[in-house]
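The values are calculated or read from the model by the stated rules, or taken from the named source; none is laboratory data. Keep in mind it's a predicted model, so treat the numbers as computed, not measured. Ideal geometry is used to build each Cβ from the backbone, glycine not excepted, and the neighbour counts take in all protein chains shown. Keep in mind that these areas ignore ligands, DNA and RNA; they rest on the heavy atoms of the full protein, side chains included. Shrake-Rupley method; radii C 1.70, N 1.55, O 1.52, S 1.80 Å.
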Amino acid sequence: MSKVAIIGVGLMGGSLALCFKGKPGIRVAGYDISPAELEKSLKRGVIDTACSTLEEAAADADFIFLCVPVGILEYYMDKLLQTTLKEGCIISDVGSTKASISKYARNRITPAVHFIGGHPMAGSERSGVEAAASHLYENAFYVLTPDESTPREAYDRLVQLLQYTKAQIVRVDAKHHDEIVGAVSHLPHVIAVALVNQIARYNERDGLYRSLAAGGFRDITRIASGHPDMWRDILLNNRHVLLRLLRDWNGEVAKFADLLESGDGDGIFKEFERAGAFRSQLPERRKGVITALFDVYIDVPDHPGIIGQIATLLGNHRINLSNIHIIESRADVPGVLRLSFRNETDMDAAIELLKLHDYSVQL
Ligand SMILES: NC(=O)c1ccc[n+]([C@@H]2O[C@H](COP(=O)([O-])OP(=O)(O)OC[C@H]3O[C@@H](n4cnc5c(N)ncnc54)[C@H](O)[C@@H]3O)[C@@H](O)[C@H]2O)c1
Ligand SMILES: O=C(O)C(=O)C[C@]1(C(=O)O)C=C[C@@H](O)C=C1
């Protein structure tokens, strides 16, 4: 029997619990500061056992997931390291920033247990266990940030458990994660909130602003309804990255002001054209925009049936392909195919096989 302890059974923790609960050989224990939340998660069947203390949840656990706001991760890390944990226990988290908690853990962790930071790139503006769903992570990227001191065995064990989320695991350096996620998640939240507050200010003098706010405003501002506690912690934690991003953002806004001032229609057209082209390349059916690390690119000659041949070749060798995408396909140039795999093992096996069949493979 494996015991999984979820600390903070809200949207993210509750969704993880739902992925693991009822799976063969797994028991899910939950702890939350709010007895009401914990009671709800037990009633909803999200966890097997509700624990009234952190120590009770952590005792004998094989995996502990910290699913609390970023600002209290270090506090819980300390508390966990003061309790008796099972030898080989893996502590992970789902916090939206990774550099500080990874560094904090690295400086304190004892050899008997492991910390591997995590961040599923999925979520919503809602919070609490009512919003939890077993499919929340499906097809999303799930970042893990092990470092050079993380034993391979522990990393593999965590990846194995996370297969139940049906997410695509990507391994990223913690600082690199914070830079990219600062740009693709934290900055957009700041922009959405600032925009809503600007319009709310106009609406105070003329209520027609709110009435006429239609699809466009709703689409770009859904994320402005995120939980203030959670976002305060994230933004403060990643503030050095965000300050740099906001300076860049000011530049983008200033560029538009210049284009408008000079009446530069071509310039405006080009801005929209460039944005549309990039946006159309965002991964489909996925909930984040971090580049998959399990992608390979192959040059393919321009002849009919080539995609089928490659898919069949991989299929015959039981290598699971999660996506196939034609990047370039013109009569006068060789095509480029992007093959995506769910994990490193499949990707490595595919590279070996394709090279054996004389394909030119690039990572
Ligand atoms: N919401 C998202 O879209 C999203 C996505 C990815 C990662 N995250 C990260 O996941 C973490 C949890 O976010 P969430 O959206 O699940 O929030 P949530 O509010 O839905 O859940 C947090 C849970 O933690 C509990 N909690 C709060 N303080 C606690 C404490 N001191 N001790 C024990 N439990 C405590 C709350 O009662 C709640 O049940 C955050 O670190 C956040 O950055 C959120
Ligand atoms: O979809 C949303 O509502 C989210 O805000 C999810 C989102 C994101 O920005 O993509 C928000 C915070 C996370 O840490 C990860 C994902």
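Farthest towards the positive end of the charge dipole of the stretch 2-172, among the residues Gly13, Ser34, Ala133, is the Cα of Ala133, using unit charges on the Cβ of Lys, Arg, Asp and Glu. To put it simply, the accessible area of the stretch 295-362 at a 1.4 Å probe is 50 percent carbon and sulfur. The residues of the chain have, on average, 54 Å² of accessible surface per residue, using a 1.4 Å probe with all protein chains present. With the convex hull drawn over the C-alpha atoms of the chain, the volume per residue is 178 Å³.
Straight distance only, please: which lysines reach the Cα of Lys255 with their own Cα at less than 20 Å, same-chain residues fewer than 8 apart left out? Within reach: Lys270.
Just check the stretch 209-270 against the gyration tensor rule for me: Cα atoms, a ≥ b ≥ c as the square roots of the eigenvalues, rounded for a/c under 1.5, and otherwise prolate or oblate depending on whether a/b exceeds b/c. Cα axes put the stretch 209-270 in the oblate bin. Using a 1.4 angstrom probe on heavy atoms only, work out the carbon and sulfur share of the accessible area of the stretch 22-87 in %. Its accessible area is 53 percent carbon and sulfur atoms. When you count the other C-beta atoms within 10 angstrom of each residue and take the mean per peptide, 133-143, 56-66, 347-357, 247-257 line up highest first as 56-66, 133-143, 347-357, 247-257. Of all beta bridges that DSSP places with both ends in the chain, some 45 percent have antiparallel geometry. Note on the stretch 295-362: along the principal axes its Cα atoms extend 34, 18, 16 Å, ordered by decreasing extent.
Listed values for the stretch 54-70 are Karplus-derived 3J(HN,Hα) couplings in whole Hz (6.51 cos²θ - 1.76 cosθ + 1.60, θ = phi - 60°), namely 4, 4, 5, 5, 6, 4, 6, 6, 8, 9, 10, 10, 8, 10, 10, x, 3, and x replaces Gly and Pro.
Summarising the label geometry, the points placed 7 Å from Cα in the beta-carbon direction at Arg126 and Asp295 lie 3.1 nm from one another. Bridgeable lysines around Lys103 (alpha carbons under 29 Å apart, same-chain partners fewer than 8 residues away excluded): Lys3, Lys79, Lys86, Lys166, Lys175, Lys287. Protein-only accessible surface at a 1.4 angstrom probe places the residues Tyr31, Tyr75, Tyr164 in the order Tyr75, Tyr164, Tyr31, largest first. The charge dipole of the stretch 176-279, taken about its Cα centre with unit charges on the Cβ of Lys, Arg, Asp and Glu (plus for the first two, minus for the last two), comes to roughly 300 debye. Here the contact order of the chain, divided by its residue count and restricted to Cα pairs under 8 Å and six or more residues apart, works out to 13 percent. Its DSSP H runs of at least 4 residues, each contributing -39,500 (n - 2.57), put the calculated 222 nm mean residue ellipticity of the chain at -14000 deg cm²/dmol, to the nearest 500.
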